[in-house]
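The values are calculated or read from the model by the stated rules, or taken from the named source; none is laboratory data. Keep in mind that this is a model prediction, so the values were computed, not measured. Cβ placement follows ideal geometry from the backbone for every residue including glycine, while neighbour counts extend to all protein chains displayed.
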Amino acid sequence: MLKAALILALFTAPAAQAQRAGCELTVYEHTNYRGETWRVLESTPAVEERWNDRISSLIITAGTWEFFEHAEYGGHKVTLRPGRYSWIGERLEDEVSSFRCIRPGR
């Protein structure tokens, strides 16, 4: 029983910690919240191949986030606060390669 509880704690702790920290967003493949989605709870210095240069809209549930056109937080940057963004703009649409939460909170 104790072993099962420990294993559960190890797998749920990072998500719970991120939620307590107040950083959460959902990215969408297409504008107007269409296509595939990815729920994010932590900064991402290099998005996986599947999402690189494919994000077009997003919903920020908590935290202030910076989005970058290159991996490792490089290139053009846009800072967004909690809200719904049906289109992330001409400068970053299908160009996001990294992002980070810079200020936790709702």
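The table below gives the values:
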{"item": "Of all residues making up segment 52-75, the number that are in contact (Cβ under 8 Å) with a residue 40 or more places away in the chain and at negative phi", "result": "7"}
{"item": "PRO104 free of Cβ contacts under 8 Å to residues at least 40 places away in the same chain, surrounded by fewer than 17 Cβ atoms within 10 Å (Cβ to Cβ) and either closer than 18 Å to GLY22 by Cβ or touching a Leu at 6+ places or on another chain (Cβ under 6 Å) (or both)", "result": "no"}
{"item": "Number of positions in segment 76-103 that are modelled with pLDDT of 95 or more and at positive phi", "result": "1"}
{"item": "Residues satisfying the stated conditions in segment 52-89, i.e. crowded, with 17+ Cβ neighbours inside 10 Å, of a type outside the set (Lys, Arg) and under 17 Å from TYR33 (Cβ atoms)", "result": "ILE55, SER56, SER57, LEU58, ILE59, ILE60, THR61, TRP65, PHE67, LEU80, TYR85, ILE88"}
{"item": "Strands (runs of 3 or more DSSP E) contained in segment 45-90 and holding at least 3 residues touching a helix residue (DSSP H, G or I) at 6+ places or on another chain (Cβ under 9 Å) and closer than 19 Å to THR31 by Cβ", "result": "57-62"}
